[in-house]
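Visitor: One structure follows; several queries about it will come next.
The values are calculated or read from the model by the stated rules, or taken from the named source; none is laboratory data. As the structure is a prediction and not an experimental result, all values here were calculated from the model. As a convention, Cβ positions derive from the backbone with ideal geometry for all residues, glycine included, and neighbour counts pool all protein chains shown. The protein model used for the area step is the full one, side chains on, heavy atoms only, and it has no ligands, DNA or RNA in it. Shrake-Rupley method; radii C 1.70, N 1.55, O 1.52, S 1.80 Å.
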Amino acid sequence: MALRQAHAGPMSTQKNTPIQALRESLQAREQQLRRELEAAQIEQEQQAQDAEDLPREPDANQTHEVSDREVRHAELLRDQQELQAVRAALQRIADGSYGECVNCGKAIAVERLKANPAAMRCIACQTQAEAKA
Ligand SMILES: [Zn+2]
């Protein structure tokens with residue numbers, strides 16, 4: 001794969017966010033998450049199958065398995081939520097509202113978008129939202 005140097009002329013404006021690069025990383029992230037979720041789903045189906053085939057385990061073992069499954073489940077939920085956020089960000093790129101805070105409408109700092117391309121809120125609003133949560 002050939003790497004192209006970003007072309008930034010001396011007159012390039014600060015307002016021009018590197019949306020193309022962000023979109024590419026969002027798309028890559030979407031694919032990765034989708035693969036992870038698909039793999040997890042297959043794994044879960046296999047586990048369900050195994051559980052049916054196996055004779056009943058003693059209780060102690062079962063407890064351990066359940067907590068493992070709960071951790072897996074929490075991870076899956078996080079992946080699903082991130083996938084939704086990534087898809088929403090791609091949608092905002094498509095409709096031209098990407099890079100604006102969904103809460104106050106101000107531009108989200110490019111540095112923040114680079115660190116988290118799916119960010120929906122500016123740092124001030126995100127901090128507020130997290131304080132409330
Ligand atoms: Zn904001």
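Visitor: Grab the beta carbon distance between Ala129 and Asp50, set R0 = 30 Å, and tell me the FRET efficiency rounded to 0.05.
Guide: After rounding, the FRET efficiency stands at 0.15.
Visitor: Once the piece of chain linking Val102 and Ala74 is laid out straight, how much longer is it, given 0.36 nm per residue of separation minus the C-alpha distance between them?
Guide: Answer, rounded to one decimal: 7.5 nm.
Visitor: Keeping all protein chains in the complex and leaving out DNA, RNA and ligands, what accessible area do you get for Glu43 with a 1.4 Å probe, in Å² to the nearest 10?
Guide: Here the accessible area works out near 80 Å².
Visitor: A further question follows. In nm, what is the difference between 0.36 nm times the number of residues separating Gln27 and Gln84 and their Cα-Cα distance?
Guide: Computed gain between Gln27 and Gln84 is 19.3 nm.
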